[in-house]
1. Only one of Ile97, Ile106, Ile60 is β-branched (Val, Ile, Thr), modelled with pLDDT of 70 or more, in contact with an Asp or Glu (Cβ under 6 Å, 6 or more places away or on another chain) and surrounded by 13 or more Cβ atoms within 10 Å (Cβ to Cβ). Can you tell me which?
2. Scan the stretch 150-176 for residues that are assigned to a strand (DSSP E or B), over 19 Å from Asp111 (Cα atoms) and in contact (Cβ under 8 Å) with a residue 24 or more places away in the chain and jot them down.
3. Mind telling me which of the residues Glu74, Glu110, Glu65, Glu139 ends up being charged (D, E, K, R) and in contact with a Phe, Trp or Tyr (Cβ under 8 Å, 6 or more places away or on another chain)?
4. Give the residues of the stretch 64-94 that are of a type in the set (Asp, Glu) and either surrounded by 15 or more Cβ atoms within 10 Å (Cβ to Cβ) or in a helix (DSSP H, G or I) (or both), sorted by residue number.
5. Does Leu51 satisfy being in contact with an Asp or Glu (Cβ under 6 Å, 6 or more places away or on another chain), buried (at least 16 other Cβ atoms within 10 Å of the Cβ) and within 21 Å of Ile166 (Cα to Cα)?
6. Take the residues of the stretch 133-157 that are surrounded by 19 or more Cβ atoms within 10 Å (Cβ to Cβ) and hydroxyl-bearing (Ser, Thr, Tyr): which is farthest from Arg72 (Cα to Cα)?
7. Considering every residue within the stretch 125-132, establish whether at least one is part of a strand (DSSP E or B) and crowded, with 18+ Cβ neighbours inside 10 Å.
Amino acid sequence: MKKKNKKSNPIEIIILLILAAIICAAGAFVWINRYDFFPALIKDGVSVCFLGKNGEDKIIKYNYEANLKQTRFEFAVRKLVEGPSDIQRIFNTYSEIPVDTKILAIIQEEDKNIIDLTPAFNTGGGTESIYKKLNQIIETVELNTDKPTYLFINGVQTDVFGGEGIMITQPLSKNSL
């Protein structure tokens, strides 16, 4: 009896090539975003605090590789205002900081830091939202600097926050609220 040589079907080859491309693309995606998927890979990174929709809306700390062009403090504040990445959002991470908030200045002096934000930071949400956004800033600041840090809105130090008139004490700390 003669053995039949099985020739590869062009459809099978195309399917295998498509599967190989998908596997390579998925691997590249995970590698590029490895710190979002596996934050434990970062050893001496910068910590930024977002919120998680896990039934409790509690603070979730994300670590990032430090950017050598900025101080840890500046990098953390910029990442916080930028908000969570698309991948972090997939994992139900969010921020109460309004998306139209911009940084006017990050001033780092020898004895203190100042974060100056646009008035958009002071808008939106109710009392609970205000507490959450302030907690995000306070937690992020405390993880990335030992210096006292002051919050300014449009160039003016903020002591009353939001439309509800919530009083805060400065410098920012867990006792500010």
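1. Working: Ile97 fails: in contact with an Asp or Glu (Cβ under 6 Å, 6 or more places away or on another chain); Ile60 fails: in contact with an Asp or Glu (Cβ under 6 Å, 6 or more places away or on another chain).
Among Ile97, Ile106, Ile60, only Ile106 is β-branched (Val, Ile, Thr), modelled with pLDDT of 70 or more, in contact with an Asp or Glu (Cβ under 6 Å, 6 or more places away or on another chain) and surrounded by 13 or more Cβ atoms within 10 Å (Cβ to Cβ).
2. Residues satisfying the conditions are Ile153, Phe161, Ile166.
3. Working: Glu74 fails: in contact with a Phe, Trp or Tyr (Cβ under 8 Å, 6 or more places away or on another chain); Glu110 fails: in contact with a Phe, Trp or Tyr (Cβ under 8 Å, 6 or more places away or on another chain); Glu139 fails: in contact with a Phe, Trp or Tyr (Cβ under 8 Å, 6 or more places away or on another chain).
Testing whether each residue is charged (D, E, K, R) and in contact with a Phe, Trp or Tyr (Cβ under 8 Å, 6 or more places away or on another chain) leaves just Glu65.
4. Of all residues in the stretch 64-94, those of a type in the set (Asp, Glu) come to 65, 74, 82, 86.
Residues satisfying the conditions are Glu74, Glu82, Asp86.
5. On the way: in contact with an Asp or Glu (Cβ under 6 Å, 6 or more places away or on another chain): yes; buried (at least 16 other Cβ atoms within 10 Å of the Cβ): yes; within 21 Å of Ile166 (Cα to Cα): yes.
Considered against the rule, which asks whether it is in contact with an Asp or Glu (Cβ under 6 Å, 6 or more places away or on another chain), buried (at least 16 other Cβ atoms within 10 Å of the Cβ) and within 21 Å of Ile166 (Cα to Cα), Leu51 comes out as yes.
6. Thr149
7. Initial filter on the stretch 125-132 (part of a strand (DSSP E or B)): none.
No, the stretch 125-132 contains no residue that is part of a strand (DSSP E or B) and crowded, with 18+ Cβ neighbours inside 10 Å.
The values are calculated or read from the model by the stated rules, or taken from the named source; none is laboratory data. Since the structure is predicted, the reported quantities are computational estimates derived from the model, not experimental observations. We place every Cβ from the backbone using ideal geometry, glycine too, and count neighbours over all the protein chains shown.
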